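Quick note: the coordinates plus some simple rules give every number you see, no bench work behind them. Model, not experiment: these values are computed from the prediction. Neighbour counts run over all protein chains shown; Cβ positions are idealised from the backbone, glycine included.
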Amino acid sequence: MIKTDVIIVGAGPTGLFTVFEAGLLKLKCHLIDALPQPGGQCSEIYPKKPIYDIPAFPEILAGKLVDNLMEQIKPFEPGFTLGERAETLDKQEDGSFIVTTNKGTQHHAPVVVIAGGLGSFEPRKPPISNIVDFEDNGVAYMVKDPEVYRDKKVVIAGGGDSALDWAIFLADVASEVSLVHRRNEFRGALDSVEKASELAKLGKIKLFTEAEVKKLYGDDKLEAVVIKHNDAEKGETYLEVDNFIPLFGLSPKLGPIGDWGLEIERNAIKVNNAKDYQTNIPGVFAIGDVNTYEGKLKLILSGFHEAAVMCQYAYQIINPGKRFVMKYTTVGGVTGFDGSKK
Ligand code: FAD
């Protein structure tokens, strides 16, 4: 059981900045995210896109914004449970909460902050009838740790940047990499497409275009896939493999949070924005893109503001009756989160 002051569901920009604001109040945070990396939409959807409306940054790439947030919260040593979806919220008799993930990891805290954005990104799965039988047993929809594939025979399916980038990367890690795409043209960056075809020429990637993985075989774990070619004359290819990684993108869904007894309006969580961004469940807050109230703007800076306000109230729940004198970060030795007084 992971114990902390504040459980944050969602490690997007809002969740990450919450760690900073909570840290100023000496509250410890633990973040849970369904994705294998922090950053939410900024990392998953548009890491290379410039953002122009972050105060004091005339222009910043979304990926760089996430790197900066990670740097800013480092001194507060947040915990992370990544690649796991928060599944259930259970209120305890003492008013605290246990949040359990789809992998069974349990987190216990007096305060829960939902910073779930558009919801958890669910992988788009290919229509192969027995694919669920091999999930975590040879089939994965995202690459959490490339080392898992060292010296393994891997088939990647997809035609976008993720499929290309991982095929290129794993060509040096796995013993065999096959890339299967149902069209002839790839959608990814030109540079990646060229790199992948170069590696194919060198025999480091087996390229199957105009083809789809249609069947999976194995007893306890995946042992082989069948690739069906669009060209009937080519028929099917039977390939012995250890791993199959379909990378067809992720679609956001509010998912299990929708069953936590929260007041939901148009797929977002209603909060008290006149005060503290608390939901209808006392002790559970919702901030960033996941919440709704009159006048809500789904922008990164809205999430940052909501985090700052909400942490003041979380402090009062965690330290009842104790007063915290709000200081600027540059006053009274609060600066220098590495411990130094400036
Ligand atoms: P998100 O970034 O959505 O992060 C939420 C995280 O919660 C996700 O990582 C998700 O996996 C996780 N999560 C959800 N449910 C669960 C669960 N049950 N268990 C575990 N994890 C869960 N905003 C701007 O201010 N300026 C811009 O220029 C701008 N440009 C944009 C361009 C594009 C193409 C897009 C798509 C958005 C843009 N936005 C922009 C909007 C901005 O990205 C969002 O406002 C911001 O990402 C919201 O941050 P968040 O942390 O609230 O949510």
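Here are the numbers:
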quantity: Matching residues, the stretch 78-87, being at negative phi, part of a loop (DSSP other than H, G, I, E, B) and either within 10 Å of the ligand (Cβ to nearest atom) or touching an Asp or Glu at 6+ places or on another chain (Cβ under 7 Å) (or both); calculated: Glu84, Arg85
quantity: Residues (among the acidic types (Asp, Glu) and more than 13 Å from the ligand (Cβ to nearest atom)) located in the stretch 247-273; calculated: Glu263, Glu265
quantity: Selection count where residues are in contact with an Asp or Glu (Cβ under 9 Å, 6 or more places away or on another chain), surrounded by fewer than 17 Cβ atoms within 10 Å (Cβ to Cβ) and not in a strand (DSSP E or B), scope the stretch 38-64; calculated: 1
quantity: Qualifying residue in the stretch 151-163 (condition: outside any loop (DSSP other than H, G, I, E, B) and under 30 Å from Gly303 (Cα atoms)); calculated: yes
quantity: Residue that is part of a helix (DSSP H, G or I), of a type outside the set (Gly, Ala, Ser) and either free of Cβ contacts under 8 Å to residues at least 40 places away in the same chain or out of contact with any Asp or Glu (no Cβ under 8 Å at 6 or more places or on another chain) (or both), where the choices are Asp90, Asp67; calculated: Asp67
quantity: When residues of the stretch 95-116 are limited to those that are within 11 Å of the ligand (Cβ to nearest atom) and closer than 15 Å to Leu262 by Cα, the one surrounded by the most Cβ atoms within 10 Å (Cβ to Cβ); calculated: Gly116
quantity: Pairs with Cβ under 7 Å, 6+ apart, first in the stretch 43-58 and under 29 Å from Gly160 (Cα atoms), second within 11 Å of the ligand (Cβ to nearest atom) and assigned to a loop (DSSP other than H, G, I, E, B); calculated: Ser43/Gln37; Glu44/Leu35; Pro50/Glu59; Tyr52/Glu59; Asp53/Leu299
